[in-house]
Amino acid sequence: MRLRVTPLSFVDPAPGSRYFQPISLNRFVAIRVELVNVGSALYVDTTSNGARVDSGGRLRRAAILDAAEPGLNRPRLGPGRRTTGTLSFEVPKAARVRSLRLTLDSGFGPETGVWTFSG
């Protein structure tokens, strides 16, 4: 499986929803990404399972529910196909998000990409 991942934008804070809000000491952030299947096999994965952000020196898992729409959900991409969506995270209010780490195959694959954010 070969996938090109491009972070497109950073939403901080992410809005959440009427039913989904962070605990009082935290905030939501979301990273909008583009996924392109550059391989020859079908890509099907729950991408958020393998997504982490480094905030305050700690890796934090992606939220199950999307704090910003549209979420990536479970993309099904044939060769050459692409999609965009957000990965959402709950982080402490004072923490700075330093990087995104994405491991394919729901976090079990050997393929891992790391993108560092400046600022």
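The values are calculated or read from the model by the stated rules, or taken from the named source; none is laboratory data. If you're wondering where the values come from, they're calculated on a predicted model, not measured in any experiment. In this analysis, Cβ positions are derived from the backbone assuming ideal geometry, glycine residues included, and neighbour counts consider all displayed protein chains.
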message: So PHE28 ticks every box in (1) under 11 Å from the mean Cα position of the chain (by Cα); (2) under 11 Å from GLU90 (Cβ atoms); (3) in a strand (DSSP E or B) but one. Which box is left unticked?
response: (1)
Qualifying positions in region 36-66 - modelled with pLDDT of 90 or more, assigned to a loop (DSSP other than H, G, I, E, B) and small (Gly, Ala, Ser): GLY39, SER40, ALA41, ALA63
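Looking for whichever is surrounded by fewer than 20 Cβ atoms within 10 Å (Cβ to Cβ), modelled with pLDDT under 95 and part of a loop (DSSP other than H, G, I, E, B) here; the options are GLY80, GLY16. Which one fits?
Values: GLY80 fails: modelled with pLDDT under 95.
One residue alone meets the criteria, GLY16.
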statement: Checked against (1) in contact (Cβ under 8 Å) with a residue 24 or more places away in the chain; (2) among the β-branched types (Val, Ile, Thr); (3) assigned to a loop (DSSP other than H, G, I, E, B); (4) within 23 Å of GLU111 (Cα to Cα), ILE23 satisfies every condition except (4)
- line: ALA94 passes all but one of the listed conditions (1) touching a Ser or Thr at 6+ places or on another chain (Cβ under 9 Å); (2) in a loop (DSSP other than H, G, I, E, B); (3) of a type outside the set (Lys, Arg); (4) surrounded by fewer than 19 Cβ atoms within 10 Å (Cβ to Cβ); the exception is number (1)
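Take the residues in region 97-119 that are modelled with pLDDT of 90 or more and among the hydroxyl-bearing types (Ser, Thr, Tyr); name whichever of them is surrounded by the fewest Cβ atoms within 10 Å (Cβ to Cβ). Even if it seems obvious, please write down each step before you answer.
Restricting attention to region 97-119, the residues satisfying the condition of being modelled with pLDDT of 90 or more are 97-103, 112-116.
Cutting the leftovers down to among the hydroxyl-bearing types (Ser, Thr, Tyr) gives us 99, 103, 112, 116.
On the way: SER99: 14, THR103: 18, THR112: 12, THR116: 9.
Only one residue tops the list, namely THR116.
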- request: Kindly indicate whether ARG4 is among the basic types (Lys, Arg), more than 10 Å from the chain's Cα centre (by Cα) and either part of a loop (DSSP other than H, G, I, E, B) or farther than 20 Å from GLY113 by Cα (or both).
  value: no
task: Among what's in region 19-35 and is surrounded by fewer than 18 Cβ atoms within 10 Å (Cβ to Cβ) and aliphatic (A, V, I, L, M), pick the residue that is modelled with the lowest pLDDT.
output: ILE23
